[in-house]
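The values are calculated or read from the model by the stated rules, or taken from the named source; none is laboratory data. Because the structure is predicted, anything quoted here is derived from the model rather than measured. We place every Cβ from the backbone using ideal geometry, glycine too, and count neighbours over all the protein chains shown. Accessible surface is based on the protein model in full, side chains and every heavy atom, while ligands, DNA and RNA are left aside. Shrake-Rupley method; radii C 1.70, N 1.55, O 1.52, S 1.80 Å.
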Amino acid sequence: MMEIPSKYDPSIVEDKWYKYWMDQNFFHSVPDEREPYTIVIPPPNVTGVLHMGHMLNNSIQDILVRRARMQGKNACWVPGTDHASIATEAKVVDKLRKEGISKESLTRDEFLAHAWEWTHKHGGIILEQLKKLGASCDWERTCFTMDEIRSESVIKVFVDLYNKGLIYRGVRMVNWDPAAKTALSDEEVNYKEEKSKLYYVRYKIENTENEYVTVATTRPETILGDTAVCVNPNDKRFSHLAGKKVFVPLVNRLVPIILDEYVDIEFGTGCLKITPAHDINDYEIGLRHHLEVIDTFNDDGTLSEKAQLLIGVDRFEARKQIIPMLELAGNLVKIEDYNNKVGYSERTDVPIEPKLSAQWFLKMSDITKPAASAVEDDQIRFYPAKFKNLYRHWMESIKDWCISRQLWWGHRIPVYYLEDGSFVVADSEEKAVDLARQKSGNDQLSIRDLRQDEDVLDTWASSWLWPISVFDGINHPDNKEINYYYPTNDLVTAPEIIFFWVARMVIAGYEYRGTLPFKNVYFTGIVRDKLRRKMSKSLGNSPDPLDLIAKYGADGVRVGMLFCSPAGNDILFDESLTEQGRNFSSKISNSCRLIKGWEVDTELPQPEHSRLGIEWFKAKLSEVIVTMDDHFDKYRLNDALMTIYNTIRDEFSGWLLEIIKPAYQQPIDAKSYGEVNELFDEVLRLLHPFMPFISEEIWHLLKERRHGDSIMISSWPKPVSHQNQICEKFELIKEAITGIRAIRKEKEIANKEQLKMFIVPGEKGYLPEYNTILIKIGNLSELQETGQEVEGAISFRVNTSAFYIPLGELVNVKDEVVKIEDELKYTIGFLESVRKKTGNERFMNSAPAQVVDLERKKQSDAEEKIKMLEERLLSFKSSMN
């Protein structure tokens, strides 16, 4: 047997057991005859580091995986990382800039060499950090979205979708990120409410001396790209302007006044400047009216030569500079404060720029239909279910997905252009050459005659295949692993990526496997501080998870996170909860030290109080298992944790161990000792998914184990039926003991002082078969049934049974009478105030049911207490006579 240390040190224990689990290969899974249980990790950015959101998400995944493993399932948790095109490229560009190297000075291959070097140096750090948390991933299966298998899968899917007519190239208005210099999908844009300005600018009407139309705009820097002014044909104020033209301020471009019902008559001046190159609605109007498109911005957000003025100036600086220019030219009418929503890049947090650009798109209208039905019909269940509405809304209003990005880091689009501008789509250069020869009729073509598309695919165009590609199900759709592990069971993720990732995985699952990719989705909330601010490095309110683990242990951090983590709701993180988790580890360890410190006498018979206590706890544990299984089935993991936490802290340590604990320096009987160890074993197994390290440590300390044994591969406990009656009886005993303890506390009577107790049995509340427990835990020298009140005794009731404890010389009777009279007076006053409410018919009819029930309970409790105080007062006064 291992020696039990006097103080539990999580750092030693956690490193020891994680190495043991890895050495024994417990996390690894291969297909066999067992039922599979599969989770794929939401792949974090390859160069990322652990933050509080990761801690929560991966703790939950590990809890689910460890329980499934104990249930006898073949548990497989696949880890991996995402290449994160925009984020990683930005980091590499920044690193090169600090070294005096610009991206533009490098060839694509040279830049990618730097990117791979960065990835190999920093990549995978986060996965190593997850091991400190206790994550039981199958590390042999670690995947990367740009490794060979995943890359082949992505390219193959692009070619397949193109051949199905679902991918096309088109010039569209896209969300342009000037910092990353790439297009973004609609889902990658976050809108923020901003205090802005509304600029009123007048445009001179052609062939008039001094006539103008005035427009209102939040973006005066885009005036340089205006190609029309638009009014509503129903607006009589401007009906005389039909067919006329105006001069664009500063550049004096002559543009038409057009009529379109899109214009809101009530907004601004009723006149709208039209800039087709820089606003999606203007672009649509421009298409309807065949307007010229003038793109006045460069890719980096500076003004282009087509702007004619302020060339090379950043768009926001240009906004500042153009105002005095308009004022000097006599075109600025006024400026007003204005609140509007501005779209920001989800990746770089800079305002996006609507921009006309040639991009690759995936048609979404038909491919999404099975995915929409899967969630609507509960084939895939969301926890909490409220996110179904969000999912449905996105599916119903879905637009074609812009899948191309103007980056170098990522999966390069497999499109190859011929000299005449035509192109072929192929998953290899060899196939591209063959297709190009067929297309051109030129058998002499080689790869040197083709030019591959410069763009890469959206990162999500690789991770949407994740549940399939991690089992190589795209390249080899009938392999043993994909047929065994797919569909996966549970997905744990954040609601922020319900569109980016969750919905698209469902779409890909039906397109390439004909079925759903997972059965359940558990949405975590956002981790916030006590002031409800989102935790972030910039605010300085996010603790380093590894520092927390070093301070409180991984088990403590896991428990602390789960204490405040109801599914789908934000988490108000409080470091004191991780401290509570660490203290709980110490309590478990101390309980083990207590038990293992008892001397065992094999000749002693089992005392009746121990037999009854163990019988009760077995019944209680059966109830706990049923409750926990129900919580797990409903994904109420924090409730499941609280159930076992309270069971260990209160029922096991607070009640059972006190009941069976031998007298000071006395031995314990072998039967009780053996049974309490078995019960401790079961309790630890229920705790293991939440606190894997302490449970493994104590499990091994309970008795000799063989090398290769582990609590993580032991069985999840099963309930025994029909135990409720025992638990109900024992609650009455606990209530009686609580009454004794309350009297000791109130009268400051030490626990070592023995008391006498007399009981007037009622129909319910007193169970003589449990007298041995009352005597032991209450430290009673005498326990008798009686048919009448006991004078001079303090009493309490359990249901209809009365319990009397004569205090004799332990208390001053006169002082007690005064105290009781004061308490009685207060309680009578309280009862009167409650009766005013319960006797008010209007209140009782209009108040919510739970409020009415609470007031009725207050009344009955007060009435019961008055009765008890009156009896106690009468008893004390009688003893004074």
Could you go through region 221-232 and let me know if any residue there is open to solvent by 30 Å² or more (accessible area, probe 1.4 Å) and either assigned to a loop (DSSP other than H, G, I, E, B) or within 25 Å of N175 (Cα to Cα) (or both).
no
Could you tell me whether any residue of region 595-605 is under 44 Å from the mean Cα position of the chain (by Cα) and open to solvent by 70 Å² or more (accessible area, probe 1.4 Å)?
no
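Yes or no, residue by residue, for (1) open to solvent by 50 Å² or more (accessible area, probe 1.4 Å); (2) in contact with a His (Cβ under 7 Å, 6 or more places away or on another chain); (3) over 12 Å from A793 (Cα atoms):
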| site | (1), (2), (3) |
| --- | --- |
| V817 | no, no, no |
| L831 | no, no, yes |
| R842 | yes, no, yes |
| Q850 | yes, no, yes |
| K857 | yes, no, yes |
| K867 | yes, no, yes |
| E871 | no, no, no |
Residue count for region 506-556, restricted to those that are in contact (Cβ under 8 Å) with a residue 24 or more places away in the chain and of a type in the set (S, T, N, Q)
4
Near pairs, Cβ below 7 angstrom, 6+ apart or cross-chain, from region 418-447 (in contact (Cβ under 8 Å) with a residue 40 or more places away in the chain) to any residue that is part of a loop (DSSP other than H, G, I, E, B)
V425/P414; A426/P414; D427/P414
Looking only at region 100-143, and only at residues there that are assigned to a loop (DSSP other than H, G, I, E, B) and not small (G, A, S), the one that is surrounded by the most Cβ atoms within 10 Å (Cβ to Cβ):
C137
So, first residue over 17 Å from A862 (Cβ atoms) in region 836-850, second residue basic (K, R), Cβ within less than 6 Å, six or more apart or across chains; the pairs are F843/K837
Which residue is nearest to V157 (Cα to Cα), if the candidates are limited to region 489-526 and must be basic (K, R) and open to solvent by 40 Å² or more (accessible area, probe 1.4 Å)?
R513
Read through the list (1) loosely packed, with under 15 Cβ neighbours inside 10 Å; (2) in contact with a Lys or Arg (Cβ under 8 Å, 6 or more places away or on another chain), then give the number of the only condition that D861 fails.
(2)
Pick from S610, S695: which is farther than 28 Å from Y8 by Cα, open to solvent by less than 10 Å² (accessible area, probe 1.4 Å), part of a helix (DSSP H, G or I) and polar (S, T, N, Q)?
S610
Yes or no: region 787-799 includes at least one residue that is farther than 30 Å from A663 by Cβ, open to solvent by less than 70 Å² (accessible area, probe 1.4 Å), touching a helix residue (DSSP H, G or I) at 6+ places or on another chain (Cβ under 9 Å) and not in a loop (DSSP other than H, G, I, E, B).
yes
Kindly indicate whether A216 is touching a residue at least 40 places away in the same chain (Cβ under 8 Å), buried (at least 19 other Cβ atoms within 10 Å of the Cβ) and under 30 Å from D400 (Cα atoms).
no
Name the residues in region 802-844 that are assigned to a loop (DSSP other than H, G, I, E, B) and either of a type in the set (G, A, S) or modelled with pLDDT of 85 or more (or both), would you?
G839, N840
Wholly inside region 291-396, strands (runs of 3 or more DSSP E) that include 2 or more residues that are open to solvent by 20 Å² or more (accessible area, probe 1.4 Å) and at pLDDT below 95 are 332-345, 353-362
How many residues of region 772-786 are in a loop (DSSP other than H, G, I, E, B) and open to solvent by 80 Å² or more (accessible area, probe 1.4 Å)? The answer is 0
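Each row is one residue, and each column tells you yes or no for (1) within 30 Å of V30 (Cα to Cα); (2) at pLDDT below 95.
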residue: W77; (1), (2): yes, no
residue: S85; (1), (2): no, yes
residue: T88; (1), (2): no, yes
residue: V92; (1), (2): no, yes
residue: D109; (1), (2): no, no
residue: H120; (1), (2): yes, yes
Test each condition in (1) among the β-branched types (V, I, T); (2) outside any helix (DSSP H, G or I); (3) open to solvent by 10 Å² or more (accessible area, probe 1.4 Å) for T38 and report the one that comes out false.
(3)
In the set T214, T208, T142, T182, the lone residue that is among the polar types (S, T, N, Q) and under 19 Å from A277 (Cβ atoms) is T182
Across region 41-95, which residue is surrounded by the fewest Cβ atoms within 10 Å (Cβ to Cβ) among those that are among the polar types (S, T, N, Q) and in contact with a helix residue (DSSP H, G or I) (Cβ under 8 Å, 6 or more places away or on another chain)?
N45
Residues being of a type in the set (S, T, N, Q) and buried (at least 19 other Cβ atoms within 10 Å of the Cβ): count how many of those fall in region 144-169.
2
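Conditions (1) under 30 Å from R636 (Cβ atoms); (2) open to solvent by less than 10 Å² (accessible area, probe 1.4 Å); (3) under 21 Å from the mean Cα position of the chain (by Cα); (4) of a type in the set (D, E), marked per residue:
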{"residue": "K431", "(1), (2), (3), (4)": "no, no, no, no"}
{"residue": "A436", "(1), (2), (3), (4)": "no, yes, no, no"}
{"residue": "Q452", "(1), (2), (3), (4)": "no, no, no, no"}
{"residue": "R528", "(1), (2), (3), (4)": "yes, no, yes, no"}
Which residues, taken from region 460-485, are open to solvent by less than 20 Å² (accessible area, probe 1.4 Å), in a loop (DSSP other than H, G, I, E, B) and under 18 Å from V30 (Cβ atoms)?
V470, F471, G473
Heads up, the strands (runs of 3 or more DSSP E) in region 164-209 (entirely inside) with at least 1 residues that are modelled with pLDDT of 95 or more and over 27 Å from T302 (Cβ atoms) are 167-177, 189-205
The conditions are (1) out of contact with any Pro (no Cβ under 7 Å at 6 or more places or on another chain); (2) touching a residue at least 12 places away in the same chain (Cβ under 8 Å), and D669 fails exactly one of them. Which is it?
(1)
Quick one: count up the residues across region 187-204 that are open to solvent by 80 Å² or more (accessible area, probe 1.4 Å) and under 16 Å from E353 (Cα atoms).
1
Mind listing whichever residues of region 530-546 are open to solvent by less than 60 Å² (accessible area, probe 1.4 Å) and part of a loop (DSSP other than H, G, I, E, B)?
M535, S536, N541, S542, P543
Of all residues in region 235-290, which are small (G, A, S), part of a loop (DSSP other than H, G, I, E, B) and open to solvent by 50 Å² or more (accessible area, probe 1.4 Å)?
A242, G243
Tell me, which residue of region 490-529 that is of a type in the set (F, W, Y) and assigned to a helix (DSSP H, G or I) is nearest to V65 (Cα to Cα)?
W501
Determine whether region 673-688 contains at least one residue that is free of Cβ contacts under 8 Å to residues at least 40 places away in the same chain, open to solvent by 20 Å² or more (accessible area, probe 1.4 Å) and more than 29 Å from Q61 (Cβ to Cβ).
yes
